[in-house]
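The values are calculated or read from the model by the stated rules, or taken from the named source; none is laboratory data. Predicted, not measured: the structure shown is a model, and the values here were computed from it. The accessibility values were calculated without ligands, DNA or RNA, using every heavy atom of the protein model including side chains. Shrake-Rupley method; radii C 1.70, N 1.55, O 1.52, S 1.80 Å.
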Amino acid sequence: MVYQAKTNIFYTIIVFLLVWIFGAISLFPFITSLLIVVIMLTAFIVSFVFIFWYVNSIKFVFCENYLLVKGGPFKSKISYQSIARVSPTTDKYTGYLISSFDKGLEIFYKTANYGSIKILPEDKMKFILELKKRCPNAQILQNQQFE
């Protein structure tokens, strides 16, 4: 089962525009030749493509023995047995997807020390139901608290 992350296109566009504007303004004094312009433009384009790839490829895959959280080149494998608790979170600017949406999920899991990951699936209720099936021992809050 694969769930896509909820993305906020408006917020993403604003962030990209601000990066480009401030980047161009800060690099303006260093422009002394065409070669420098080409190098700087290439660096901006590569950065833009990487960030765009990361933001638009975030997905959550329910595999047989673990939950795979993937965004661009980054992956987190969380075994179902290690998931201890799932709770709503209102942290806007943290987790796998930095977004302006205010209600995501935080999954707490057991590692050497306790860890957590903050996610925002497109369809939270279906995601939670699937997680309940695969993690019967995990403490998952009632459905009303996730709306």
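Brief remarks on what is shown
- Within the chain, the whole DSSP H helices whose Cα atoms reach 30 Å or more along their own axis and whose mean Kyte-Doolittle score is at least 1.0 are 34-56.
- Share of carbon and sulfur in the accessible heavy-atom surface of the chain [1.4 Å probe, %]: 65 percent
- Residue-normalised accessible area of the chain, given per residue in Å² at a 1.4 Å probe: 64 Å²
- Cα Rg over Rh - the range 27-94, Kirkwood: 1.25
- Computed [θ] at 222 nm, deg cm²/dmol, the chain (DSSP H ≥ 4; -39,500 (n - 2.57); rounded to nearest 500): -12000 deg cm²/dmol
- Structure note, pairs Lys6/Lys118; Lys77/Lys110; Lys103/Lys133: Cα-Cα distances above 19 angstrom occur for Lys103/Lys133.
- All distinct Cα pairs of the range 1-129 go into the 1/r average, and the inverse of that average, the Kirkwood radius, is 16.7 Å.
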